[in-house]
Amino acid sequence: AYNKGGNYYWILAGTRDIHSIKAFKLNEFGLDLSPITSIINDNSVPSYIGMINLSKDFSKLTYSCCLSGGFRGAKIGDFDLISGKISNMENFVLGEVYDCVFSNDNTFIYFTEFWANSRLMRYNTIDKSSITLDTQIGNYGICAVEMGPDGNIYVANQGRNSIGVIENVGKNNEIYNKNKFVFKSPNNVKNGLQSSNRIYGIKDKSNVEILY
């Protein structure tokens, strides 16, 4: 998370088996190894698999947990860009939640469940409702989600060996193409997606068929 006014970054990390998130400050002087620690307000154990995701304006945060001996699901909370503190954490979904991403206006959270059948879901932060956008039978079918620089959300469909794309995110004409990029060779799409302004996990375009 970048604080433009203060010219520093916050690097967020979860603590394995301790219900806390640590924020490390990075500026021109280097990385401060004494982090700001925020406790997640329950007695559950975070999972070994999960993600911390910030909204575009850095005001909100999600924390997902799956394949855990404790809490399984996802939480939403407030992030203070000045202090690095996290507050008002609350559950918004229970289940094997792997990854989450906010719409640019924070109205929706798109999240995936990837164990005991996979789902791509959309959660409304205003009325607290959820809808299913896609399902796959089996484990590790639908995994990472990333917001692209073009305003579209990209979805790693390991079960289909494709990368899906949600276009017109959060609008009435929103559409999800689950096979937007299909790899010709097997086993190229894995759980993750590259979080950058480049081509989201597609390293060799010659091996990709783009379907419209």
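The values are calculated or read from the model by the stated rules, or taken from the named source; none is laboratory data. Keep in mind that what you see is a predicted model, and the values were worked out from it rather than measured. Quick reminder, even Gly has a Cβ in these numbers, built from the backbone with ideal geometry, and neighbours come from all protein chains shown. SASA here: full protein model, heavy atoms, side chains in, ligands and nucleic acids out. Shrake-Rupley method; radii C 1.70, N 1.55, O 1.52, S 1.80 Å.
What is the sum of charges, Lys and Arg at +1 and Asp and Glu at -1, for the other residues whose Cβ falls under 10 Å from the Cβ of F102? Don't skip to the answer; put the middle values down first.
Working: positive: K56, K60; negative: D57, D105.
Here the charged neighbours net out to 0.
What FRET efficiency comes out for I39 versus T132 if R0 is 41 angstrom and r is the Cβ-Cβ distance? Round to the nearest 0.05.
On the way: r = 32 Å, r/R0 = 0.79.
So, using R0 = 41 Å, E works out to roughly 0.80.
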Full extension between D32 and I11 adds, at 0.36 nm per residue less the Cα distance, a length in nm of 6.5 nm
One finds the C-alpha centres of the range 2-39 and the range 99-164 to be spaced, in Å, by 26 Å
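Exactly which chymotrypsin sites (Phe, Trp or Tyr not before Pro) in the range 1-39 are in a DSSP loop and have at most 13 other Cβ atoms within 10 Å? Before the final figure, lay out the partial values.
Details: sites: Y2, Y8, Y9, W10, F24, F29; in loops: F29.
Passing sites in the range 1-39 are F29.
Please give me the summed charge of the neighbours of K178: other residues whose Cβ is under 13 Å from its Cβ, Lys and Arg +1, Asp and Glu -1. All intermediate terms of the calculation are to be shown ahead of the outcome.
Numbers: positive: R119, R160, K180; negative: D134, E167.
Its environment carries a net charge of +1.
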Rounded to whole angstroms and listed largest first, the alpha-carbon spread of the range 102-191 along its three principal axes comes to 40, 30, 18
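List, in the order given, every pair from K56/K171; K22/K128; K75/K178; K128/K171; K85/K128 whose Cα-Cα distance in the structure shown is over 19 Å. Don't skip to the end; give the middle numbers.
Working: K56/K171 17 Å; K22/K128 28 Å; K75/K178 26 Å; K128/K171 17 Å; K85/K128 24 Å.
Checking Cα-Cα distances, K22/K128; K75/K178; K85/K128 exceed 19 Å.
Going from most exposed to least, what order do S162, S83 have by accessible area with a 1.4 Å probe? Write out the running numbers ahead of the final one.
Working: S162 0, S83 40 Å².
Result of the area sort, largest leading: S83, S162.
Within 10 Å of each candidate Cβ there may be at most 11 other Cβ atoms; applying that plus a DSSP loop requirement, which trypsin sites (Lys or Arg not before Pro) in the range 96-157 survive?
Working: sites: R119, R122, K128; in loops: K128.
In loop regions of the range 96-157 (DSSP not H, G, I, E or B), the sparsely surrounded trypsin sites (Lys or Arg not before Pro) are K128.
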Zone reached by a paramagnetic label modelled 7 Å from N177 Cα along Cα→Cβ, restricted to the range 100-129 with backbone N below 20 Å, covers 120-121
